[in-house]
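Take a look at the following structure, please.
Nothing in this text is a laboratory measurement; each read-out follows from the coordinates by a stated rule. Just so you know, these numbers come straight off a predicted model, no measurement behind them. Cβ coordinates were reconstructed from backbone atoms using ideal geometry, including for glycine residues, and neighbour counts include every protein chain displayed.
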Amino acid sequence: MFHLRTCAAKLRPLTASQTVKTFSQNRPAAARTFGQIRCYTAPVAAEPFLSGTSSNYVEEMYYAWLENPKSVHKSWDIFFRNTNAGAPPGTAYQSPLPLSPGSLSAVARARPLVEAQPNVDKLVEDHLAVQSLIRAYQVRGHHIAKLDPLGISCVNFDDAPVTVSSNVGFYGLDESDLDKVFHLPTTTFIGGQESALPLREIIRRLEMAYCQHIGVEFMFINDLEQCQWIRQKFETPGVMQFTNEEKRTLLARLVRSTRFEEFLQRKWSSEKRFGLEGCEVLIPALKTIIDKSSENGVDYVIMGMPHRGRLNVLANVIRKELEQIFCQFDSKLEAADEGSGDVKYHLGMYHRRINRVTDRNITLSLVANPSHLEAADPVVMGKTKAEQFYCGDTEGKKVMSILLHGDAAFAGQGIVYETFHLSDLPSYTTHGTVHVVVNNQIGFTTDPRMARSSPYPTDVARVVNAPIFHVNSDDPEAVMYVCKVAAEWRSTFHKDVVVDLVCYRRNGHNEMDEPMFTQPLMYKQIRKQKPVLQKYAELLVSQGVVNQPEYEEEISKYDKICEEAFTRSKDEKILHIKHWLDSPWPGFFTLDGQPRSMTCPSTGLTEDILTHIGNVASSVPVEDFTIHGGLSRILKTRGELVKNRTVDWALAEYMAFGSLLKEGIHIRLSGQDVERGTFSHRHHVLHDQNVDKRTCIPMNHLWPNQAPYTVCNSSLSEYGVLGFELGFAMASPNALVLWEAQFGDFHNTAQCIIDQFICPGQAKWVRQNGIVLLLPHGMEGMGPEHSSARPERFLQMCNDDPDVLPDLKEANFDINQLYDCNWVVVNCSTPGNFFHVLRRQILLPFRKPLIIFTPKSLLRHPEARSNFDEMLPGTHFQRVIPEDGPAAQDPGNVKRLLFCTGKVYYDLTRERKARDMVEQVAITRIEQLSPFPFDLLLQEVQKYPNAELAWCQEEHKNQGYYDYVKPRLRTTISRAKPVWYAGRDPAAAPATGNKKTHLTELQRLLDTAFDLDAFKNFS
């Protein structure tokens, strides 16, 4: 009874009554149970009373009888009791007595052939108890599995103690039942080819399947086929068998993983390398996943991981040249390219090679990752989605992703949850990711009990029904088997799966850290722990798979490889970052073998193209499609704009997108509610008002052989979705990938992606990226949550020097400025300029992130219109839009020159006209804030020699553009004049939510801007 008491105390299964109810609801299992009872007695067909009776009808009654014997007719109650009691064939049924006044009482007095005895009901109860026992192992077997190689796991499942007597188990089974034979339900595969087993053997096999070095969490999955698939993989007897050749391969991979870390430790003992000691099995684990995936047809694997073990993965999985890794430890190495200096731990790699196991080509890409753990997760997903898209892999059979995680980060970082929730969304799914958690059982110095509220670090994966395979990392064969199953799961069901490698960290957080400060008992145990390579080698030697000389030869062979690579690494004098790129763009930076010219052609279009796009944008290109009446009016208004050769904001965007699609540029627009547009201006997806889920995207009906247009509403995530789109844009330079925030200030929850990837992308990761951020911005009295896209933050992170005036006579000055900047920041005031900047983003000979502060009220402002003439061939994006009114005709009489950007221009022109100051005040719009247009602004200042200079903005003084623009304007004019400020006072919040206060502040701003005496007191 030891086994039964163990299960009773630790597994806590469902009660027998609950199990009966479950069986009655689960027909396949119940049918098997019914069949079992028929096996014990005569076949139903042998009973005279049952001839011609529907077997389904009999089963229905049987299910009901199991739950409540009184729920069926007395004669059926007798029949089922006789059958269960073992009545001989043909005798279980008793003929009913003839109908007579006393017949009802006669039936009531009928007795079973075999008297009802305690063991009659117990037979049913025992079978149900066994079924409950099996289910308990499947649900909770992982609770008592031997997962921790240190044997000190502090995982707490909050199980309340169960009281059992010394003779009776929790299931009502006693020791005499251990040798009884029980038929097995269809929900288990422990029998193999056998349909019945003694209870003692049932328990033994269940413990072998669920309570050894593998713990399986899967019973929360609500798909019977998937649950059955997992049961078969882990319950089938003898399924986890390896050939001697497979064992030798596993040993060789462990040798490489272990000796690589030992080599680095010998050569650079005082250097941080974030080694893999304590989880050396990760390398063969990853290679197994890749091998199995390659066997199933995958030829491109994209990986993301934190810093621990990164060098080992680069060396032994990606197969980067060892000398390229070793030379990074040379402090005298000069950098040929710009870089952040932390190459070893964070940069990625792209490599195409032969997979030796499958003899097929495979491409491996390891995406760069910052120390912000898990930040690369959505980036990997986006890059994977893009690669699948470009190769037409609609089911994820050719391209897949593997994500590595630390246990503390997996549980603690919200981006993990956000990324999981993208996994099944139609426009974001990558058709399954294999997640590998390196479970150190500690986060830097923080104990798991202080780092998470869930028993396992992997519990977050349950939200998407991903199976979770926990495995003891000191059992390499168990790890390999789990990894094979994980790869097969992904290939079969195209859904996420988690492999939890329960291991330890032999050193501290890094090689210089002292873990005994905070985890003394844990590290006392670790100091005693025999390395997994030594343990596995001893096992194989004892099994006769290898002998000791063969093992030692394998070690010396790899040591020699490392030594030779170390010698070659000394010849490396210059660090070439090109060796560390995870997303090369072959052919993009050259044209006919020569570097591309640093020029940009006109971004204008012919009138025919503009008109065609406008006509499609104002129509429904699908027959029998009913749109909303309000949308009909919107499309009619668009059509009238086209007839008048005019565009508003939405139409300008349509024309930019449509023209690029014609040129073969794929466009992807993603974000919250982007299909319609937060402000109901875009309407790129039309919905049939009479047919559910029937939609039309007119943009995909523009040209016969156009590139595809993808517009997709995202989940309510900024961090995850922006990271995803960044990864998508990383895959190819020949795509325009845009992410739109619902309101501009919502980008702050994606600040990690902006700070770690987008802003320093080229400087830190040596990687260009052309992603576009559309951030609605403008002070309109809507409150602090829906006003400011925080332009001051983006401008503060620009890499241009405010105190240095560049060479304005340089050829192609504007293009070279763009090439040298880290990103481009614009705030367009006209739809035409918005059109041009979107097209310029693709026509440039390089890629830079583009930050666009888009409008809200200007979307429908009657003055915010552009004529076709502003968009024809020969036209370009205007970095600065100068004054073109009466003030420009007589610049000598202009007393004040106002500089501004964006929406406030329309407030200023309205006020100027109202005050009749159109000849005294000139207004110049800065459309491109960074890189700063020194050359054009110098021309403007020189044009108005007698004018005061003032910067006018609707944002508060400590926000917006003032602190960025003022020093650059002063540098432009050699500090010959002051640059005054007209705008709101400094404030902590971005805007007021009180309409009256908003208007009062706006009027004060305008009064200052047009009071020609306003700045005299500050002279």
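Computed on alpha carbon atoms, what radius of gyration and Dmax characterise segment 430-583, expressed in Å?
Values for segment 430-583 (Cα only, Rg and Dmax): 19.9, 52 Å.
Measure nothing but the geometry: give the 0 to 90° angle between the long axis through the Cα atoms of 476-493 and the longest principal axis through the Cα atoms of the chain, rounded to 10°.
That helix lies at roughly 70 degrees to the long axis.
With only Lys, Arg, Asp and Glu charged, each at its Cβ (+1 for the first two, -1 for the last two), find how big the charge dipole of the chain is about the Cα centre; round to the nearest 20 debye.
Magnitude of the dipole: close to 740 debye.
Between Val181 and Thr492, what FRET efficiency comes out of the Förster formula 1/(1 + (r/R0)^6) with R0 = 41 Å and r the beta carbon distance, rounded to 0.05?
Taking R0 as 41 Å, the efficiency between Thr492 and Val181 is 0.75.
Can you match Kirkwood radius over Cα pairs in Å to one of these, (1) 33.5; (2) 35.2; (3) 31.6, based on a calculation from the structure here?
Here Kirkwood radius over Cα pairs in Å agrees with entry (1).
Efficiency by 1/(1 + (r/R0)^6): what FRET value for Arg915 and Lys977, r their Cβ-Cβ distance, R0 = 22 Å, to the nearest 0.05?
According to the calculation, E is roughly 0.40.
Let me ask something else about it. Take the eigenvalues of the Cα gyration tensor for segment 577-651, scale each by 5, and report the square roots as semi-axes in whole Å, largest first.
In descending order the semi-axes read 41, 19, 11 Å.
Exposed loop sites here are chymotrypsin sites (Phe, Trp or Tyr not before Pro) in DSSP loop states with at most 16 other C-beta atoms within 10 Å. What is the longest stretch of the chain lacking them?
626-845
Distance in nm between label sites at Asp820 and Ser454, each 7 Å beyond Cα in the beta-carbon direction?
5.0 nm
Using the alpha-carbon atoms, what tilt in degrees (0 to 90, nearest 10) does helix 904-914 show relative to the longest principal axis of the chain?
Between the helix axis and the principal axis of the chain, the angle is about 40 degrees.
Of Ser930, Ser670, how do they rank once you tally other Cβ atoms within 10 Å and put the fewest first?
So the ranking, lowest neighbour count to highest, is Ser670, Ser930.
Using 0.36 nm per residue, how much length does the chain from Ala988 to Thr445 gain when fully extended, once their Cα-Cα distance is taken away?
The Ala988-Thr445 span can extend by a further 191.8 nm.
If you don't mind, another one. Among Ile758, Ile134, Ile152, what is the fewest-to-most ranking by other Cβ atoms within 10 Å?
The most exposed by this proxy come first: Ile152, Ile758, Ile134.
What is the distance, in nm, between label points placed 7 Å from the Cα along the Cα-to-Cβ direction at Ala1014 and at Lys643?
The answer from the label model is 4.3 nm.
Considering only C-alpha atoms, what is the centroid distance from segment 179-210 to segment 413-491, in Å?
30 Å
Still on this model: Report, in debye and to the nearest 20, how large the dipole of segment 189-337 comes out about its Cα centre when Lys and Arg carry +1 and Asp and Glu carry -1 on their Cβ.
Charge dipole, segment 189-337, about its Cα centre: 440 debye, nearest 20.
Here's a follow-up. Relative to the present Cα-Cα distance, how much length would full extension add between Asp801 and His701 at 0.36 nm per residue of separation?
Computed gain between Asp801 and His701 is 31.4 nm.
A further question on this structure: Please compute the Kirkwood hydrodynamic radius over segment 755-819, one decimal place, Å, based on all pairs of different Cα atoms.
Roughly 14.8 Å, rounded to one decimal.
Right, here's the next one. What does the convex hull of the Cα atoms of segment 880-1018 come to per residue, in Å³, rounded to a whole number?
Output value, Cα hull per residue: 109 Å³.
Next question, about the same structure. Identify, among Leu702, Pro455, Trp765, the residue whose Cα sits farthest towards the positive end of the charge dipole of the chain, taking +1 on the Cβ of Lys and Arg and -1 on the Cβ of Asp and Glu, with the dipole about the Cα centre.
Among Leu702, Pro455, Trp765, the one farthest towards the positive end of the dipole of the chain is Pro455.
How much length is gained on full extension from Glu271 to Glu552, taking 0.36 nm per residue of separation minus their Cα-Cα distance?
Length gained, Glu271 through Glu552: 98.4 nm.
Among Gly544, Gln324, Leu533, pick out the residue whose Cα is farthest towards the positive end of the charge dipole of segment 244-580, where Lys and Arg carry +1 and Asp and Glu carry -1 on C-beta, about the Cα centre.
My answer, from the dipole projection, is Gly544.
Using Cα centres only, tell me the gap between segment 497-567 and segment 713-769 in whole Å.
Using only Cα atoms, the two centres lie 39 Å from each other.
Given only helices, namely DSSP H runs of n ≥ 4 each adding -39500 (n - 2.57), what is the per-residue ellipticity at 222 nm of the chain, to the nearest 500 deg cm²/dmol?
Per the formula, -11500 deg cm²/dmol.
List the GluC sites (Glu not before Pro) in segment 755-852 that DSSP assigns to loop (not H, G, I, E or B) and whose Cβ has at most 13 other Cβ atoms within 10 Å. Which are they?
The qualifying sites are Glu785, Glu810.
Taking all pairs of distinct Cα atoms, average 1/r, flip it, and tell me the Kirkwood hydrodynamic radius of segment 372-467 in Å to one decimal place.
Radius from the Kirkwood sum: 14.1 Å.
Now, a different point. Regarding segment 196-246, what are the three Cα extents along the principal axes, ordered largest first, in Å?
Sorted from largest, the Cα extents of segment 196-246 read 38, 31, 20 Å.
For segment 866-923, report the translational diffusion coefficient in µm²/s to the nearest whole number, using Stokes-Einstein at 4 °C, 1.567 mPa s, and a Kirkwood Rh over Cα pairs.
Rounded to a whole number, D works out at 102 µm²/s.
Among Val918, Val437, what is the fewest-to-most ranking by other Cβ atoms within 10 Å?
Least crowded to most crowded, the residues run Val918, Val437.
Something else now. Which semi-axis lengths, in whole Å and largest first, follow from the square roots of five times the eigenvalues of the Cα gyration tensor of segment 244-580?
Here the semi-axes work out to 28, 24, 23 Å.
For Lys383, list the lysines whose Cα falls under 26 Å from its own Cα; do not include residues on the same chain fewer than 8 positions away.
List returned: Lys287, Lys292, Lys320, Lys344, Lys397, Lys398, Lys484, Lys495, Lys578, Lys662, Lys764, Lys848.
Helix 55-67: angle to the longest alpha-carbon principal axis of the chain, degrees 0 to 90, nearest 10?
The answer is roughly 90 degrees.
Right, here's the next one. Can you give the Kirkwood hydrodynamic radius for segment 753-864, in Å, rounded to one decimal and based on Cα pairs?
When all Cα pairs of segment 753-864 are included, the Kirkwood radius is 15.6 Å.
Along the Cα→Cβ direction, 7 angstrom out, place labels at Leu843 and Leu521. What is the inter-label distance in nm?
Computed distance between label sites Leu843 and Leu521 equals 7.0 nm.
Another one. So if we plug the beta-carbon distance of Asp330 and Glu514 into 1/(1 + (r/R0)^6) with R0 = 25 Å, what FRET efficiency do we get, rounded to 0.05?
Approximately 0.40, to the nearest 0.05.
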